Amino acid sequence: VKLYELAAGNSDVRMSPHCWKIRMALAHKGIGAQTIPWRFTDKEAIAFSGQGRVPVLVNNDDVVADSWAIAGYLDATYKSKPDLFAGEADKSLALFVNHWSDSSLLPAIAKLIMMDLYNALAECDREYFRETREKALGQSLETFAANREAAVEVFRRLLAPLRMTLESQPYLCGSESGYADYCVFGAFMWARGVSEYELLESQDPLHRWRNSLLDAFGGEARNAVRALS
Ligand SMILES: N[C@@H](CCC(=O)N[C@@H](CS)C(=O)NCC(=O)O)C(=O)O
């Protein structure tokens, strides 16, 4: 199995929330994969997948793009390995969690880590990143990233449903972690890879959940290389 992942200037730093969902999913299933560093501007390297985003998973003749599609593919293909989804109801709710993470958490975290993220990018990606993101945001990266202290309050309030759930059970998926956990954890790993900024208050009960996923599967996430200044 090969996994194309977004890499920073230091190609050992993998800096995509969506790719982290799949790194955790592969570790959960115990599937060893060769991870291939990819850069935003290297569209040609993944043109075979028919689109221009990572993660892209290659397994013999199968090519699957999009993290949600890859997660479904992994469970359908590796039936004898631990399931990412406990069943149809679990998968349906995980889809909500995936969308919540992508549409609420990622933009809120982006405000907190934008300049660290930009600085971690490979030189070859900086112009493309600035141009596409400033166009999408309708403002400069610097303006978007201003007033981090106010933005972190907004972010921490967004975590309320996560916090309330994880105060009464070990993982979003119950007593064991599952794909819904990785959808949210991927967002935290995105920040961790490129920034030293602490997303959680020191007393936040979410530390327990985040730490146990950092340590899961032999410390797959904890041992990941970070782009620190
Ligand atoms: N819905 C997709 C989103 C993938 C995505 O947006 N990947 C980013 C990296 S985090 C990307 O490859 N962007 C390419 C670009 O912006 O040109 C998924 O879940 O896999």
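Summarising the label geometry, the points placed 7 Å from Cα in the beta-carbon direction at Glu131 and Lys81 lie 3.8 nm from one another. Taking a point 7 Å from the Cα of Val1 along the Cα-to-Cβ direction, the residues of segment 173-195 with backbone N closer than 18 Å to it are 177-186.
When the chain is fully extended, how far beyond the present Cα-Cα distance does Asn10 get from Ser140, taking 0.36 nm per residue of separation?
Numbers: separation 130, 0.36 × 130 = 46.80 nm, distance 2.47 nm.
Result: 44.3 nm gained on full extension.
For the chain, the relative contact order is 27 percent, taking Cα pairs closer than 8 Å that sit 6 or more residues apart in sequence and dividing their mean separation by the residue count. For segment 17-34, 3J(HN,Hα) computed residue by residue from phi via the Karplus equation (6.51, -1.76, 1.60; θ = phi - 60°) reads x, 5, 5, 5, 4, 6, 4, 5, 5, 5, 5, 4, 7, x, 9, x, 9, 8 Hz, glycine and proline entered as x.
Report, in deg cm²/dmol and to the nearest 500, the calculated mean residue ellipticity at 222 nm for the chain, where each DSSP H run with n ≥ 4 adds -39500 (n - 2.57) and the sum is divided by the residue count. Walk me through the intermediate numbers first.
Values: 10 runs with 120 residues, N = 229.
Computed mean residue ellipticity for the chain: -16500 deg cm²/dmol.
For segment 13-42 and segment 56-79, compute the distance between their C-alpha centroids and round to whole Å. One Cα centre to the other: 12 Å.
Share of the chain's accessible area from carbon and sulfur, percent, 1.4 Å? The value for the chain is 50 percent carbon and sulfur by accessible area.
Taking Ser11, Ser212, Ser168 in turn, the Gaussian network model of the chain (Cα-Cα springs below 10 Å) assigns the largest fluctuation to Ser168. Net charge of the neighbourhood of Leu166, taken over other residues with C-beta under 13 Å away and scored Lys/Arg +1, Asp/Glu -1, is 0. The Cα atoms of the chain give a gyration tensor whose axes a ≥ b ≥ c have a/c of 1.5 or more with a/b no greater than b/c, which makes the shape oblate.
With respect to the cross-link table entries Lys2/Lys43; Lys91/Lys135; Lys21/Lys81; Lys43/Lys79; Lys43/Lys81; Lys111/Lys135, which display a Cα-Cα separation exceeding 26 Å?
Lys91/Lys135; Lys43/Lys79; Lys43/Lys81
The Cα atoms of segment 172-229 cover 37, 25, 17 Å along the three principal axes, with the biggest extent listed first. 3J(HN,Hα) couplings calculated from phi for segment 202-209 with the Karplus curve 6.51 cos²θ - 1.76 cosθ + 1.60 (θ = phi - 60°) are, in sequence order, 4, 8, 5, x, 5, 4, 4, 4 Hz; Gly and Pro show x.
Were the residues from Arg208 through Gln51 laid out at 0.36 nm apart, the gain over their Cα-Cα distance would be 52.8 nm.
Could you tell me which GluC sites (Glu not before Pro) in segment 82-167 are loop residues by DSSP with no more than 16 other beta carbons within 10 angstrom of their beta carbon?
Numbers: sites: Glu88, Glu123, Glu127, Glu131, Glu134, Glu142, Glu149, Glu153, Glu167; in loops: Glu167.
Taking segment 82-167 and a limit of 16 other Cβ atoms within 10 Å, the loop GluC sites (Glu not before Pro) found are Glu167.
Solvent-accessible surface of protein heavy atoms, probed at 1.4 angstrom with all chains present, puts Met115, Met15 in the order Met115, Met15, largest first.
Compared with the alpha-carbon gap, the fully stretched path from Leu106 to Glu88 is longer by 3.9 nm at 0.36 nm per residue. Scalar couplings 3J(HN,Hα) for segment 89-104, obtained by applying the Karplus form with A = 6.51, B = -1.76, C = 1.60 to θ = phi - 60°, are 5, 5, 5, 5, 6, 5, 5, 4, 4, 4, 5, 4, 4, 5, 8, 10 Hz; x denotes Gly and Pro. For segment 79-229, the solvent-accessible area with a 1.4 angstrom probe is 51 square angstrom per residue. The local environment of Thr143, defined by Cβ-Cβ distances under 11 Å, has a net charge of -1 under the rule Lys, Arg +1 and Asp, Glu -1. Residues whose amide H falls under 5 Å from that of Val56, counting only those 5 or more places apart or on a different chain, are Tyr4, with hydrogens built in the peptide plane.
These residues, Val97, Val184, Val225, go from largest to smallest accessible area, 1.4 Å probe, as Val225, Val97, Val184.
The values are calculated or read from the model by the stated rules, or taken from the named source; none is laboratory data. What you see is a predicted model; the values in this text were computed from it and never measured. No Cβ is skipped: glycine too gets one built from the backbone with ideal geometry, and neighbour counts run over all protein chains shown. Just the protein is used for accessible areas: all its heavy atoms, side chains included, with ligands, DNA and RNA removed. Shrake-Rupley method; radii C 1.70, N 1.55, O 1.52, S 1.80 Å.
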